[in-house]
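Participant: Sharing a structure here in structure tokens format.
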Amino acid sequence: MNSFFPKRLVLWCSASLLALSAHAIPAIEHWQHASGAQVYLVRSPSIPMLDVQIDFDAGSRRVPAEQAGLVGGVTWMLSKGVLAREGAPALDENAIGQAWADLGARFGASASADRMSLSLRTLTEPELLRQAVALAARQMGEPAFPAAVWERERQSLVANLRESYTRPASVASRAFAKAVYGGHPYGHELTEDSLARVGVEDMRRFHAAYLNACRARVSLVGAVDRPQADALVRELLARLPAVPCSRLIPLTAIPEVLPLAQASEQRIPFRATQAHVLIGQPGIKRADPDFFALTVGNYILGGGGFVSRLTTEVREKRGLTYGVYSYFAPGMHAGAFTVGLQTRSDQVDQAVSVVRQVLRDFVAQGPSSEELRAAKDNLIGGFPLRLDSNAKLLDNVANIAWHGLPLDYLQTWTQQVDRLTVEDVRRAFQKALQPERMLTLVVGGP
């Protein structure tokens, strides 16, 4: 066993217990790297660890509906092999997994509708850091995309997809997205046919087209200073396709999500003990100036668990469900506003009626002053928990980087919440939501 392992194990455990002081919100340093990448750094010297997230505008909205699954395939296959380059041998998936285990580090890739995210977590002991950065750079910049492995993984994905058709929650989620987003890429559905159209050559082309240093947003949290971070970014991005920033073709503009023209209702029969109900519409973009008002208002409406209005009216007063929730999912485009619950099939109509009435009342009147004060106290009091580990802090920094939020966003978060009035929340909800034009989807029942 590697002699560093016991030391690493202790440090990893210590890191998981690290909490930031509520009054010690760190500053974010930002600069443009020589490669063209935008870099965001938070120094966290308490433990010898580094967390990195690299984001590209390479989410699933960048592929046509007939190839839904391409972006997910690229992220999945980054760990399945790297090419031999500059004297370094090729590595298959087993060798890559063993290499990360030996380093006591971790590399991962994921994708959402908007972005592809590559992440690295490692200790900052110099030799370990050097090797971890080098291996991450190879996976990002020199993936092998082995065809035989993709065929195996595709069959596994198809099996998982078929299994998901047996779960009412999955059926509801797909139908809801398709109905809310219409033809927008946010609503593209992964199918067996779309997976069949994805090949490794498609992955190579996508990787070459979208993963370029000029388009990277790199967020770092850890025990490094700015010169060290700048050098690490250079190494991490060095193996990506080398296209000068001045020669990059601008990415195609994605159309906005269209609002719903009228109310609609879909009922999908499904043999299940509980009916799944989703009610909603396109909501807001993350750049919406009413983001804070809608966040606080939604906590009162349905995001605050047992203290929310929806829970009080649907669960506590009438016993129609065990749990009901609401949320906004803002992105680069208008993500869905959703209310969700499960209830007995014979109670669906009553539950839907109550939810609709609560929505109408809240949009028309807004919260009470008592509800608003309680929501503010809870959100402000819980704010330090959003930053109590390097991983959570990195998530916040990457969010700031991706959406172009002010560098003092975390420092002013509580003030933004505390200054809201009842009228601010009411006005924001009236602008964002149209209860009379929402979709109602029910999966379950006859």
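Participant: If I build a Gaussian network model for the chain, linking alpha-carbon pairs within less than 10 angstrom, which residue out of 31, 402, 150 has the largest mean-square fluctuation?
Facilitator: Result: 31 has the largest fluctuation of those listed.
Participant: Using only the Cα atoms of segment 329-446, what semi-axes does the equivalent ellipsoid have when each is the square root of 5 times a gyration tensor eigenvalue? Give whole Å, largest first.
Facilitator: Calculated on Cα positions only, the semi-axes equal 32, 19, 15 Å.
Participant: With the contact rule set at Cα under 8 Å and sequence spacing of 6 or more, what percent relative contact order holds for the chain?
Facilitator: Relative CO of the chain lands at 22 percent.
Participant: What's the angle, to the nearest 10 degrees (0 to 90), between helix 348-365's Cα axis and the longest principal axis of the chain?
Facilitator: With rounding to tens, the tilt is 80 degrees.
Participant: Something else now. Hey, fewest Cβ within 10 Å first, where do 291, 306, 107 land in order?
Facilitator: Going from sparsest to densest Cβ surroundings: 306, 291, 107.
Participant: At a Förster distance of 30 Å, what's the computed FRET efficiency of residue 246 paired with residue 226, Cβ-Cβ distance as r, to 0.05?
Facilitator: Computed FRET efficiency for residue 246 and residue 226: 0.70.
Participant: Separate question: Rounded to the nearest 0.05, what FRET efficiency is calculated for residue 360 and residue 317 with R0 set to 22 Å and r the Cβ-Cβ distance?
Facilitator: Rounded to the nearest 0.05, the efficiency is 0.85.
Participant: State, to one decimal in nm, how far the label point of residue 329 lies from the label point of residue 86, with both points 7 Å from Cα in the Cβ direction.
Facilitator: That separation, rounded to one decimal, is 4.0 nm.
Participant: Any idea how far apart residue 411 and residue 166 come out in nm if each label point goes 7 Å out from Cα toward Cβ?
Facilitator: With each label placed 7 Å out from Cα toward Cβ, I get 5.5 nm.
Participant: On to the next question. Restricting to DSSP H runs of at least four residues, report the calculated mean residue ellipticity at 222 nm for the chain, -39500 (n - 2.57) per run over all residues, nearest 500 deg cm²/dmol.
Facilitator: After summing the helix terms and dividing by residue count, I get -13000 deg cm²/dmol.
Participant: Against the longest alpha carbon principal axis of the chain, how many degrees, from 0 to 90 and to the nearest 10, is the axis of helix 147-164 turned?
Facilitator: Approximately 20 degrees, to the nearest ten.
Participant: Another question, then. To the nearest 0.05, how large is the calculated FRET efficiency for residue 373 and residue 155 if R₀ is 45 Å and r is the Cβ-Cβ distance?
Facilitator: Result of the calculation: an efficiency of 0.25.
Participant: Related question: Starting from the Cα-Cα distance between residue 147 and residue 350, subtract it from 0.36 nm times their residue separation and give me the gain in nm to one decimal.
Facilitator: 67.9 nm is the gain from fully extending residue 147 to residue 350.
Participant: Quick one: order 152, 43 by neighbouring beta-carbon count within 10 Å, fewest to most.
Facilitator: 152, 43
Bear in mind that the values in this text are calculations on the coordinates, not laboratory data. All of these numbers come straight from a predicted model, not from anything done at the bench. Here the Cβ is made from the backbone with ideal geometry for all residues, glycine too, and neighbour counts use every protein chain on show.
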